[in-house]
Amino acid sequence: MENPNFHILDYLTWYTNLLVGPKYAVMITGPWGSGKTWLVRQLIHKASKQPKWHYVSLYGIASARDIDIALFRAINPIKSSKPVRAITGVIKKKMSMDIGLGSTGTNRVSISFPEELLAEIGLSKPSVLVFDDIERSMLSMTELLGYFNLLVEHGDHKVVLVCNESEIAASDVYKRAKEKVIGATFAIVSDAGSAIRAFIGELSNAPVRDCMTDAVEMIEAIHKAAGYDNLRLVRHAALGFDRLCGTIEDRFLNNRDVLRDLMKSYFCRSIELHSGSISAGELASFGAGSAAAYLAALTNKDASTVSRKYNSILGSEIEFPEDVWEQVLALGTIPTEAINEAIANSAYFRREDPPAWKRLWWGEDLSDDEFKALVKSVEGDLMAHRIIEFGEILQVAGMLIRYGSLGLRDGDADVIGAARTCLIQAVERDVDAALAWASSDLTRYESYDGLGFMATENEQWRNLKQHLRERVRECLTRRAPTEAARMLSLLQTDVQGFVLALDDAERLSDLAKIPTLHCIAHDEFAKAYLAVGWRSRASVESALERRYAQLLDRSSAFALELPWIGDLRDYCIKEASRRGGQMSSVKLRNFCDRCLGKILEKTGHLKRI
């Protein structure tokens, strides 16, 4: 493809290699993100035969002194580590220059330019100087053009200015100043293909580089379809995709079809999210393809509308759980397991004989007769309570609800009731596994075995999780006496183990925080406490205080133990009185004063003696 900016290259080749100072600057303009900085760097590198050309960004520059320092740092990166401001503060002098903006002299510009510093910073001989982000400087254009004029008029330097001129106020003063200082202005034409190839060269992952090199035309098509003419968004997407691919398994990384599939999904979503066209919450329904995602898109028309730009590009064989794209693109986390599971369950690696519920999940690949038979079979398994895995129960219930809402399932079977019964049985079989499921954050509770749930917006389906939590709580509560006996045994035989068990319980999820200490008899606890040494007693007291330190209200799990703490304190006081004159009496009173009394006081349940 012919370089659309060849005429600029041709002009800059002539301009930068002039044997005499041109006495004017050249301006290169283009929209933000159009790739003008990258293109100008490439053009200057190719055009200038002079070894000395230097790049300076004026973003946020607030004074001419700041430009001096930025130039010094660009020309002398080693020397720039010295206290430059001290140097320039000593030898810099004020100069004044009339750039002829008016006859009254009111437009004279006072600028700071270090004549004596020219040799020190390397500007004693003509150089090519590229100043970028002109419009983002805090200096006025009059001040900037005055500075540039000194460089071209008195230093014989070739100055190239890079900016988005449309963001510069087109006042008469600016026009007159530009006419004096700038001799040629060129508008950059975005050369997406060349820029994309340069971006690919920056990537660290060889398989990704190779795949993207072959897919440059596809990336260009995405860039064109997006319509933002912003190559920064494309570079951002390329770097992010390279990071994502660093977490997937080698067998997927070496599959070119998988990478292309992931690439188009990632690039489209990344570009739209970072352009501000869609929100993080809309990523799931963007480019919806599956039945579940399509139905979600109906309630999220903005994302669906935006994704229509990519109709000829989007379409994926990989179905991620609904929250994956938000985690990757908005939160910066990569759920490696979920991503690899989704790829493994895609058409690229689908097992020859997957379970019935998975074949039903891929219902769009089935014929009418196959789909109807699978619905009947899977529904029969649920109604007969033959489904025993938590994720599978929720998957099947969600699919049957969703397909029913689409009119693809006959009958009025109580899907929710059957799912509840299956969950109850599953909890009774393995309460610890149930606890892991029930404790997960609902906003991240969107998939099982790499396939997203289909009914996450259905209230009855979502209530299944609350039902699961209730059943788990019941089972754990029934285990409290057994857990209490274990804790008492630890206090009697392994005080450090007892302390660790209390601390570990504090770090559990709210659901797993089950009151247990109230099941220990007061006399048994006091007897075990008295039997250990003073250091161990201090450790027990600290652990008990930590257990109740974060209680916010009486509904908190461990708050249910507070009446037991109060009764234990009453028991210890009475027992201390009964043992009057013995060391054990002193130990029990100290226990009440140093620990139990403080816990009750802090939690508002102090009982006065």
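Data overview
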read-out	value
Candidate set from region 2-23 (those that are under 42 Å from the mean Cα position of the chain (by Cα) and in a loop (DSSP other than H, G, I, E, B)); member that is modelled with the lowest pLDDT	2
Selected residue (criterion: modelled with the lowest pLDDT) from residues of region 118-149 that are more than 35 Å from the chain's Cα centre (by Cα) and in a loop (DSSP other than H, G, I, E, B)	122
Where a residue in region 199-222 is under 12 Å from residue 263 (Cα atoms) and its partner, wherever it lies, is of a type in the set (Asp, Glu) and surrounded by 13 or more Cβ atoms within 10 Å (Cβ to Cβ), with Cβ under 7 Å and at least six apart	208/242
So residue 505, is it in a helix (DSSP H, G or I) and either hydroxyl-bearing (Ser, Thr, Tyr) or at pLDDT 85 or above (or both)	no
Residue list for region 150-169, restricted to those being under 24 Å from residue 39 (Cβ atoms) and in a helix (DSSP H, G or I)	151, 152, 165, 166, 167
Out of 249, 272, sole residue that is surrounded by 16 or more Cβ atoms within 10 Å (Cβ to Cβ), under 21 Å from residue 328 (Cβ atoms) and touching a residue at least 40 places away in the same chain (Cβ under 8 Å)	272
Answer from 391, 407, 380 - the residue that is in contact with a strand residue (DSSP E or B) (Cβ under 7 Å, 6 or more places away or on another chain), surrounded by fewer than 17 Cβ atoms within 10 Å (Cβ to Cβ) and of a type outside the set (Val, Ile, Thr)	391
When residues of region 360-377 are limited to those that are in a helix (DSSP H, G or I) and under 36 Å from the mean Cα position of the chain (by Cα), the one surrounded by the most Cβ atoms within 10 Å (Cβ to Cβ)	361
Lone qualifier among 479, 471 - being surrounded by 16 or more Cβ atoms within 10 Å (Cβ to Cβ), modelled with pLDDT under 85 and either among the polar types (S, T, N, Q) or more than 33 Å from the chain's Cα centre (by Cα) (or both)	471
Some residue of region 170-187 being touching a strand residue (DSSP E or B) at 6+ places or on another chain (Cβ under 6 Å) and under 15 Å from residue 32 (Cβ atoms)	yes
Contacts under 7 angstrom Cβ, first residue in region 383-404 being under 16 Å from residue 421 (Cβ atoms) and part of a loop (DSSP other than H, G, I, E, B), partner modelled with pLDDT of 90 or more and small (Gly, Ala, Ser), 6 or more apart	385/418
Count of region 405-436 residues which are touching a residue at least 60 places away in the same chain (Cβ under 8 Å) and in a helix (DSSP H, G or I)	2
All helices (runs of 4 or more DSSP H) inside region 180-278 with 1 or more residues being at pLDDT 90 or above, farther than 30 Å from residue 148 by Cβ and polar (S, T, N, Q)	206-214, 256-275
Among (1) part of a helix (DSSP H, G or I); (2) in contact with an Asp or Glu (Cβ under 9 Å, 6 or more places away or on another chain) - the single one residue 321 does not satisfy	(1)
Hey, residue 162 more than 44 Å from the chain's Cα centre (by Cα) and in contact (Cβ under 8 Å) with a residue 40 or more places away in the chain or not	no
Number of the exception - residue 232 against (1) in the same structural domain as residue 308 (by TED's automatic domain parsing); (2) in contact with a helix residue (DSSP H, G or I) (Cβ under 6 Å, 6 or more places away or on another chain); (3) crowded, with 16+ Cβ neighbours inside 10 Å	(2)
Candidate set from region 332-359 (those that are free of Cβ contacts under 8 Å to residues at least 40 places away in the same chain and not in a loop (DSSP other than H, G, I, E, B)); member that is surrounded by the most Cβ atoms within 10 Å (Cβ to Cβ)	359
Test: residue in region 199-218 that is buried (at least 17 other Cβ atoms within 10 Å of the Cβ), closer than 30 Å to residue 14 by Cβ and outside the structural domain of residue 24 (by TED's automatic domain parsing)	yes
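The values are calculated or read from the model by the stated rules, or taken from the named source; none is laboratory data. For clarity, every value in this text was computed on a predicted model and none was experimentally measured. Using ideal geometry, Cβ is built from the backbone for each residue, glycine included, and neighbour counts are taken over all protein chains shown.
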